[in-house]
Amino acid sequence: MQKAIRIIAVAGLALPIFLAAQSSSNVTLPQDKGADKVDVSKYPADQQKGYKVFTDKCSKCHTIARPINTTMTTAEWNRYVKRMMHKPNSGISDSQGKTIYDFLAYDQENRKDKNPSAFFKSLSDEEIEKLKAQQH
Ligand code: HEC
């Protein structure tokens, strides 16, 4: 019985710490509500492989819909992938980052740039902070 109480107490202390660590990414952005898949069946084989790395690595902290529905220039994607890689515990190596960037650049030019109004422009830090404040 004593032991059970101790386990519950420890779990109770750990939960807020866990939630605090997650809180930077648990905001819902408009992009999160869009499609969560890309039809890559006509993409080159390399990009189909890249898509797998992308969906695996970029869905850890937020929805995969977020990058799938965000449109930006390829130069911005280059910077953005690095920004995501440098977040604590991103779990993305340099070579995986390169593969993911190549996929995002291809997808930008061959899917998003053909129909830009179907996608969301990336939000500024201020806009993200505002959404966080509204949602908490
Ligand atoms: C370690 C956690 C983490 C991982 C892994 C991660 N992201 Fe993010 N991502 C975030 C957070 C947190 C935000 C909210 C904005 C910020 O804090 O930079 C975000 C925001 C975004 C946005 C929204 C941009 C905007 O301003 O509207 C895009 C797009 C994005 N991520 C793409 C990616 C891609 C592509 C990958 C894979 C290379 C990825 N993310 C992996 C944490 C992560």
Exercise for review: Kindly indicate whether any position in the stretch 125-132 is near the ligand (Cβ under 8 Å from one of its atoms), open to solvent by less than 70 Å² (accessible area, probe 1.4 Å) and out of contact with any Asp or Glu (no Cβ under 8 Å at 6 or more places or on another chain).
Suggested key: yes
Review point. So which pairs qualify, if the first residue must be in the stretch 59-72 and closer than 18 Å to ASP39 by Cβ and near the ligand (Cβ under 6 Å from one of its atoms), the second must be small (Gly, Ala, Ser) and in a loop (DSSP other than H, G, I, E, B), the Cβ gap must be under 7 Å, and the two must be at least 6 apart or on different chains?
Key: THR70/SER122
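The values are calculated or read from the model by the stated rules, or taken from the named source; none is laboratory data. Worth saying up front: this structure is predicted, and the values here are computed from it rather than measured. We place every Cβ from the backbone using ideal geometry, glycine too, and count neighbours over all the protein chains shown. For the accessible areas, the whole protein counts, side chains as well, though only heavy atoms, and no ligand, DNA or RNA atoms are used. Shrake-Rupley method; radii C 1.70, N 1.55, O 1.52, S 1.80 Å.
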